[in-house]
Amino acid sequence: MMPQRVRLQLEAAARHPTSIIGCQVRREPPDSTERYTRWINQLAADQLLTQVFTSNGPTVIMPTWFCSRAWFSHVGPFDEGGQGVPEDLLFFYNHLRKGGGVVRVDQSLLLYRYHPNAATHSVLEYVGPKAPDTVWGPARCQGRA
């Protein structure tokens, strides 16, 4: 964490009391998740809300989140359902449902280390039982699969 992070995010939170305040990050090692890191650091301010519904999830990453205790209490607790529960994404969506905003301090204020065994890799993506037919079913019906 960079020394000015708390001060800069606190100032932003005072201006945006119902927002999650994030910041840009520097990745360690530098070449880990390079495309994702570039995406989160370069989104325009208006994209912080619109791009949250992509497969990448929250547009400010959870380790950078900053908000008041009052706003956190209003949104509600994290879902502690256990391994594989995307608690940050669920909290983020609940935050948006309650009218919350997303603001990013456009400075790299956090060193974000990549760990191949991080818990984020244990979140399972659910594919419903009909999903394989959406792509492969038509080809199979025509004898090409």
Only one of (1) loosely packed, with under 13 Cβ neighbours inside 10 Å; (2) among the hydrophobic types (A, V, I, L, M, F, W, C); (3) touching an Asp or Glu at 6+ places or on another chain (Cβ under 9 Å); (4) in contact (Cβ under 8 Å) with a residue 60 or more places away in the chain does not apply to Met1, and that is (3)
What is the number of the single condition among (1) surrounded by 11 or more Cβ atoms within 10 Å (Cβ to Cβ); (2) at pLDDT below 50; (3) among the charged types (D, E, K, R) that Lys130 does not meet?
(1)
Show the residue pairs that are 6+ apart or on different chains and have beta-carbon atoms under 9 Å apart, the first residue being within region 16-31 and modelled with pLDDT under 95, the second being among the acidic types (Asp, Glu).
Arg27/Glu34
How many residues are among the aliphatic types (A, V, I, L, M), out of contact with any helix residue (DSSP H, G or I) (no Cβ under 9 Å at 6 or more places or on another chain) and within 19 Å of Gln47 (Cα to Cα) if we restrict to region 1-25?
1
Give the residues of region 49-83 that are in a loop (DSSP other than H, G, I, E, B) and under 26 Å from Arg26 (Cα atoms), sorted by residue number.
Thr54, Ser55, Asn56, Gly57, Pro58, Thr59, Val60, Ile61, Trp65, Cys67, Ser68, Phe78
For region 57-78, how many residues meet the condition of being surrounded by 14 or more Cβ atoms within 10 Å (Cβ to Cβ) and either small (Gly, Ala, Ser) or at pLDDT below 90 (or both)?
2
Out of the residues in region 86-109 that are in a loop (DSSP other than H, G, I, E, B) and buried (at least 16 other Cβ atoms within 10 Å of the Cβ), which is modelled with the lowest pLDDT?
Pro86
Condition first: of a type outside the set (A, V, I, L, M, F, W, C) and in a loop (DSSP other than H, G, I, E, B). Now tell me which residues in region 29-48 satisfy that.
Pro29, Pro30, Asp31, Ser32, Thr33, Asp46
Please go through (1) surrounded by 14 or more Cβ atoms within 10 Å (Cβ to Cβ); (2) within 12 Å of the chain's Cα centre (by Cα); (3) at negative phi for Phe53 and return the number of the only condition it doesn't satisfy.
(1)
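The values are calculated or read from the model by the stated rules, or taken from the named source; none is laboratory data. Every value quoted in this text rests on a predicted model; they were computed, and no experiment measured them. In this analysis, Cβ positions are derived from the backbone assuming ideal geometry, glycine residues included, and neighbour counts consider all displayed protein chains.
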